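What follows is a single structure, written as structure tokens, with notes after it.
The values are calculated or read from the model by the stated rules, or taken from the named source; none is laboratory data. Not measured: the values here are computed from a predicted model. Backbone-built Cβ (ideal geometry, glycine too); neighbour counts: all protein chains shown.
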Amino acid sequence: MGAVDGFLNYKRELPKSRDPKTRVEDYQEIYEPFSEDKKNEQAARCMDCGIPFCHSGCPLGNQIPDFNDAVYNKDWESAYSILNSTNNFPEFTGRICPAPCEGSCVLGINKDPVAIELIEKSIIEKAFELGLVKPEPPKHRTGKSVAVVGSGPAGLAAASQLNKAGHNVTVFERADKVGGLLRYGIPDFKLEKWTIDRRLEVLEAEGVVFKTNANVGGNISVDELKSNFDAILLCGGSTVPRDLPIPGRDLDGIYFAMDFLSQQNKRVSGNSDVMFNHKGEPLGLDLFATDKNVVVIGGGDTGSDCVGTSNRHKAKSITQIELLSKPSQSRTKTNPWPEWPMTLKTSSSHEEGCERDWAVLTKEFVGKNGKLTGLKIVDIKWGENGMEEIRGTDRIIPCDLALLAAGFVHPQKEGMIEQLELELDGRGNVVTNNYATNQKAVFSAGDMRRGQSLVVWAISEGREAAKAVDEFLMGSSTLPSKSKSFYELV
């Protein structure tokens, strides 16, 4: 390593964020510029630790110490080459990944871990600035064609890899624009959409074809894909949200989080087209949190995104509730390094203003004249027998807008999955063997196969599935394959 004592001389430092009172007035990313010298210092903190657990902590197997060393030495071209060899889209993971690599950083045993996510983002942005990111079409085409269904991170990564292998790749996206949840699920204040468009220009120049408003199993039949392509790779995601079927669920004012977030992303893009929910039903464009008592049910990242969006809508009040107990501030004995730290996390959205409550059960939606006015909730405690209500803690809190952010249960079965007669597991996800489904020449990857997960896992799935498809088409593959991560081995 370039600075063997860097971890002793420099403390972990991240870019400062814009003032919360200012940033809630727009939908731009929240962080201030970070100097190149500061980036070099943060890269210098990477230890020559012998066994870099960050490799296995990363679902992509990124060669983190190597690109850290290159950044420390200001060799941006080498840093980009190293990062690009394992990660197709570091501009996405460098912004929205929860960084399991940092949870496995050896320095994190007794100090703050290396700021790996920041360094990753810095590398790719510097690479674009220096013109290092440029289209590289394959020198030879195989004559084989692949249909990739779904343009989220799994589908885009698979398309990129399959195109590199020389296959003719067409990506089918049922929405009006490419990107999946990157575009219509993640708010712009976390991921501005020019980052997607910039990458799409590169992929298109390399030969990948994109078709939008293309609902396979709907306006495009599965037979059409079978007839026109040598292989089909399904990357449609886990799109059916987990509902909360309790009394009062039919009241007006209760929505799934993704419907709320997707509408706002469309507004930011200037698109006034009608938005549809996961069932294909029109939502209109009138879902706002303005002057409402908002309760977000679900304590994860999607719920946090609802909080940030509601702050920008100027909600009257915002409360986020979670069924599980409040996490501890630091690791417990049952959550040792290098496991992912199950500790309390405060997002930028929480910093902008929000009441948070844990170990709370929603028992009933309360309303008047068909409209939601409140939630009946109760405190709970967790024990050996599971969840138990705490007597005397029942109460009703005001709520005009309830946003269900309890995750997704499985992919949509109606349409494509049913028409292809795909085998599903007990959770409703597509069953595969080395990414191959029970139907010949049909493969699956991403959340549709493994269940709801992280963007970094989706990219990893897309890369691995592309290799499996390439092997099916050609008998062997030169596409890279990663070693199993720590989280796959334990």
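Which of the residues spanning segment 54-70 are polar (S, T, N, Q) and in contact with an Asp or Glu (Cβ under 8 Å, 6 or more places away or on another chain)?
Of everything in segment 54-70, just one residue is polar (S, T, N, Q) and in contact with an Asp or Glu (Cβ under 8 Å, 6 or more places away or on another chain), namely Asn62.
Within segment 10-33, identify whether any single residue is surrounded by fewer than 20 Cβ atoms within 10 Å (Cβ to Cβ), of a type outside the set (Val, Ile, Thr) and touching a Pro at 6+ places or on another chain (Cβ under 6 Å), and answer yes or no.
Scanning segment 10-33 turns up at least one residue that is surrounded by fewer than 20 Cβ atoms within 10 Å (Cβ to Cβ), of a type outside the set (Val, Ile, Thr) and touching a Pro at 6+ places or on another chain (Cβ under 6 Å).
Go through the residues of segment 116-132 one by one and say whether even a single one is surrounded by fewer than 22 Cβ atoms within 10 Å (Cβ to Cβ), closer than 24 Å to Thr478 by Cα and among the acidic types (Asp, Glu).
No, the conditions are met nowhere in segment 116-132.
For segment 94-133, what are the residues that are in a helix (DSSP H, G or I), in contact (Cβ under 8 Å) with a residue 40 or more places away in the chain and charged (D, E, K, R)?
Residues of segment 94-133 in a helix (DSSP H, G or I): 94-96, 100-103, 106-109, 116-129.
If we keep only those that are in contact (Cβ under 8 Å) with a residue 40 or more places away in the chain as well, we get 95-96, 100-103, 106-109, 116, 118-120, 122-124, 126-128.
Within segment 94-133, Arg95, Glu102, Glu120, Lys126 qualify.
Taking segment 342-371 as the region of interest, how many residues are out of contact with any Ser or Thr (no Cβ under 8 Å at 6 or more places or on another chain), surrounded by 12 or more Cβ atoms within 10 Å (Cβ to Cβ), of a type outside the set (D, E, K, R) and farther than 30 Å from Lys190 by Cα?
Counting residues in segment 342-371 that are out of contact with any Ser or Thr (no Cβ under 8 Å at 6 or more places or on another chain), surrounded by 12 or more Cβ atoms within 10 Å (Cβ to Cβ), of a type outside the set (D, E, K, R) and farther than 30 Å from Lys190 by Cα gives 1.
Enumerate the pairs (first residue in segment 234-251 and assigned by TED's automatic domain parsing to the domain that holds Trp457 and in a strand (DSSP E or B); second residue anywhere and among the hydroxyl-bearing types (Ser, Thr, Tyr) and surrounded by 21 or more Cβ atoms within 10 Å (Cβ to Cβ)) with beta-carbon separation below 8 Å, excluding pairs fewer than 6 apart on the same chain, so at least 6 apart or on different chains.
Correct list of pairs: Leu234/Thr437; Leu234/Ser444.
So which residues in segment 204-215 are touching a residue at least 60 places away in the same chain (Cβ under 8 Å) and either touching a Ser or Thr at 6+ places or on another chain (Cβ under 7 Å) or in a helix (DSSP H, G or I) (or both)?
Across segment 204-215, the qualifying residues are Ala205, Glu206.
Going by the conditions given, is Ser481 assigned by TED's automatic domain parsing to the domain that holds Asn215, surrounded by fewer than 23 Cβ atoms within 10 Å (Cβ to Cβ), within 30 Å of Leu287 (Cα to Cα) and not β-branched (Val, Ile, Thr)?
no
Only one of these is touching a strand residue (DSSP E or B) at 6+ places or on another chain (Cβ under 9 Å) and charged (D, E, K, R): Glu77, Glu36, Glu32. Name it.
Glu32
From the list Cys46, Cys54, which residue is within 23 Å of the chain's Cα centre (by Cα) and either surrounded by fewer than 19 Cβ atoms within 10 Å (Cβ to Cβ) or hydrophobic (A, V, I, L, M, F, W, C) (or both)? Walk me through it before giving the result.
Numbers: Cys46 fails: within 23 Å of the chain's Cα centre (by Cα).
That would be Cys54, the only listed residue that is within 23 Å of the chain's Cα centre (by Cα) and either surrounded by fewer than 19 Cβ atoms within 10 Å (Cβ to Cβ) or hydrophobic (A, V, I, L, M, F, W, C) (or both).
Cβ-Cβ under 9 Å, sequence separation 6+ or interchain: first residue in segment 310-330 and in the same structural domain as Glu352 (by TED's automatic domain parsing) and closer than 21 Å to Trp382 by Cβ, partner surrounded by fewer than 16 Cβ atoms within 10 Å (Cβ to Cβ) and among the β-branched types (Val, Ile, Thr). Which pairs?
From segment 310-330, the pairs are Pro327/Thr343; Ser328/Thr343; Gln329/Thr343; Ser330/Thr343.
Need the failing condition index for Asp48 against (1) in a loop (DSSP other than H, G, I, E, B); (2) in contact (Cβ under 8 Å) with a residue 60 or more places away in the chain, just the number.
Every listed condition holds for Asp48 apart from (2).
Take the conditions at pLDDT 95 or above and more than 26 Å from Ile186 (Cα to Cα) and apply them to Asp75. Does it pass?
yes
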